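What follows is a set of notes on a single structure, which appears directly below.
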Amino acid sequence: MKVSELAKTLGFKVFSSGEDRDAGGVYIGDLLSWVMGRAEADDVWLTIMSNLNVSAVAKLADVACVVLLSLIHISEPTRLGM
């Protein structure tokens, strides 16, 4: 399933969009070093973390997208980095 389809189907608000990638799996975690070492390319990453480092880890881990949970506020610098 494409990330855009996932967002539409689940009613997610999209803060930033890029390449519409296939979502291949799911990784759930908040410890950034664990995500870097364990998330797989094309995973949908579920987290409560919303700082700028999330953008960097998402790029390093090559995840398809990041889903912020629990109505977490996302800062402007983080939005720009994604």
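The values are calculated or read from the model by the stated rules, or taken from the named source; none is laboratory data. Model, not experiment: these values are computed from the prediction. Note: ideal-geometry Cβ built from the backbone for every residue, glycine included; neighbour counts use all protein chains shown. The area values use the complete protein model at the heavy-atom level, side chains included, leaving out ligands, DNA and RNA. Shrake-Rupley method; radii C 1.70, N 1.55, O 1.52, S 1.80 Å.
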Please specify each residue of the range 8-54 satisfying the condition of being without any contact (Cβ under 8 Å) to a residue 24 or more places away in the chain, closer than 20 Å to S70 by Cβ and not β-branched (V, I, T).
L10, G11, K13, G29, D30, L31, W34, D43, W45, L46, M49, N53
Could you say which residue among E40, E76 is more than 17 Å from L10 (Cβ to Cβ), more than 11 Å from the chain's Cα centre (by Cα) and either basic (K, R) or modelled with pLDDT of 95 or more (or both)?
E40
Would you say A56 is buried (at least 17 other Cβ atoms within 10 Å of the Cβ) and either of a type in the set (A, V, I, L, M) or at pLDDT 95 or above (or both)?
no
Take S50 and decide whether it is open to solvent by less than 70 Å² (accessible area, probe 1.4 Å), at pLDDT below 90 and either outside any loop (DSSP other than H, G, I, E, B) or of a type in the set (S, T, Y) (or both).
yes
Among (1) modelled with pLDDT of 95 or more; (2) not in a helix (DSSP H, G or I), which single condition is G18 missing?
(1)
Regarding L68, is this residue open to solvent by less than 80 Å² (accessible area, probe 1.4 Å), aliphatic (A, V, I, L, M) and at pLDDT below 95?
yes
